[in-house]
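Written below as structure tokens is the structure these notes are about.
The values are calculated or read from the model by the stated rules, or taken from the named source; none is laboratory data. Computed from a prediction, not measured in an experiment: that's the story for all the values here. Positions of Cβ are backbone-derived with ideal geometry, glycine not excepted, and every protein chain shown enters the neighbour counts.
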Amino acid sequence: MNYRHAYHAGNFADVVKHIILMRIVLYLQRKDQAFRVIDTHAGIGRYDLQGIEAGKTNEWQSGVGRLLDAKVDAKVAELIQPYLDIVRAENADGTMRHYPGSPLIVRHLLRRQDRLSALELHPQDAELLADVFEGDIQVRVTKLDGWLALGAHLPPKEKRGLVLVDPPFEVGGEFDRLVDGLVRAHKRFSGGIFALWYPVKDRQEVRRFVTALQETGIPKILRAELMIRAPSAEPRLDGTGMIIVNPPYTLDDELRTILPALSKILSEGQNAGFTLDWIRGEQVAT
Ligand code: SAM
């Protein structure tokens, strides 16, 4: 396990992923009934943007850094504001020092009745994550293989909520594991919302992944992809993708507003853009 998210925290892929995450959790807040978020690959929770790892790549500057400085129209601003509020709350003195990872973003959005289960397998990262939530009775941090949570941990006792699966893609076969994991998880928690992150590096691999998802027969699957540049000759993170199963009915429209703005702000050259389509469901384009 060599992958360390600290090198990439706050980059363009985190921005897109975390804005989608925030919109889903805000939707879950619409009912009083408690919900649970299960974050299967949680990371360390809070990243030091002035630390050695982030300093080596400075990826956050062309991600969340750009968004913080950007001017967007009122509709977009309203939809992304809760995410920026969380980032600013983590940097109360006004200097960008901390970036909140997915479990911390979710924690900011929990009400008293809601819960977060955060899994992280890397021993040191799991310890750092546990420190972030020490004494917090609404958050359970477990050092465990996140793929296992897609079986035994489902359905959550709240019977409503979101499962975020955000693996590091450092070994081959992660796309297959995502599909297999989703199929297992959906059998146990068919009404749950699932958000699966994937990198857009090799477009052929992404096409195979989408076909495999279509073949699962799972009925409602929305895909959101944002590309920051045209395909590179060498494998490179040209874009970021999220598969959302059972998306809130509001999400499609919200992303149709948000993604064009993000693609302009986060663009690294020509042919930046986005894809938003139903790969399974009533609204699949014909
Ligand atoms: N979700 C985090 C966020 O958005 O802030 C970032 C997660 S990072 C992309 C992937 C994390 O998964 C890493 O911290 C890595 O140590 C962890 N990891 C790798 N394999 C795992 C596994 N089998 N189970 C749980 N965590 C794992």
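What to note about this one:
- Residue check, Val200 buried (at least 20 other Cβ atoms within 10 Å of the Cβ) and in contact with a His (Cβ under 9 Å, 6 or more places away or on another chain): no
- Selection count, region 151-193, where residues are over 18 Å from Ala118 (Cβ atoms) and not in a loop (DSSP other than H, G, I, E, B): 13
- Test for Gly51: is it within 16 Å of the ligand (Cβ to nearest atom) and in contact with an Asp or Glu (Cβ under 8 Å, 6 or more places away or on another chain): no
- Pair list, Cβ under 6 Å, 6 or more apart: region 143-155 residue within 24 Å of Ala34 (Cα to Cα) and within 13 Å of the ligand (Cβ to nearest atom), other residue assigned to a helix (DSSP H, G or I) and hydrophobic (A, V, I, L, M, F, W, C): Leu150/Ala185
- Against the conditions (1) within 12 Å of the ligand (Cβ to nearest atom); (2) in a loop (DSSP other than H, G, I, E, B); (3) among the small types (Gly, Ala, Ser), Ala92 satisfies every one except (1).
- Tally of residues being hydrophobic (A, V, I, L, M, F, W, C) and touching a strand residue (DSSP E or B) at 6+ places or on another chain (Cβ under 6 Å) across region 3-39: 9
- Unmet criterion (only one of (1) surrounded by 22 or more Cβ atoms within 10 Å (Cβ to Cβ); (2) part of a helix (DSSP H, G or I); (3) touching an Asp or Glu at 6+ places or on another chain (Cβ under 8 Å); (4) of a type outside the set (Gly, Ala, Ser)) for Val15: (3)
- Odd one out for Phe209, checked against (1) under 22 Å from Leu67 (Cβ atoms); (2) modelled with pLDDT of 95 or more: (1)
- Test result for Ala6, within 11 Å of the ligand (Cβ to nearest atom), in contact with a helix residue (DSSP H, G or I) (Cβ under 9 Å, 6 or more places away or on another chain) and not in a helix (DSSP H, G or I): no
- Every residue from region 138-195 that is surrounded by 18 or more Cβ atoms within 10 Å (Cβ to Cβ) and on the phi > 0 side of the Ramachandran plot: Gly161
- Counted residues, region 251-286 - those being under 18 Å from His18 (Cβ atoms), within 17 Å of the chain's Cα centre (by Cα) and not acidic (Asp, Glu): 9
- Test: residue in region 211-220 that is crowded, with 16+ Cβ neighbours inside 10 Å, among the charged types (D, E, K, R) and closer than 25 Å to Thr57 by Cβ: no
- Being over 27 Å from Arg177 (Cα atoms), more than 12 Å from the ligand (Cβ to nearest atom), surrounded by 15 or more Cβ atoms within 10 Å (Cβ to Cβ) and of a type outside the set (Ser, Thr, Tyr) is not true of Ala74.
- Identity of the residue in region 36-72, small (Gly, Ala, Ser) and assigned to a helix (DSSP H, G or I), that ends up nearest to Phe12 (Cα to Cα): Ser62
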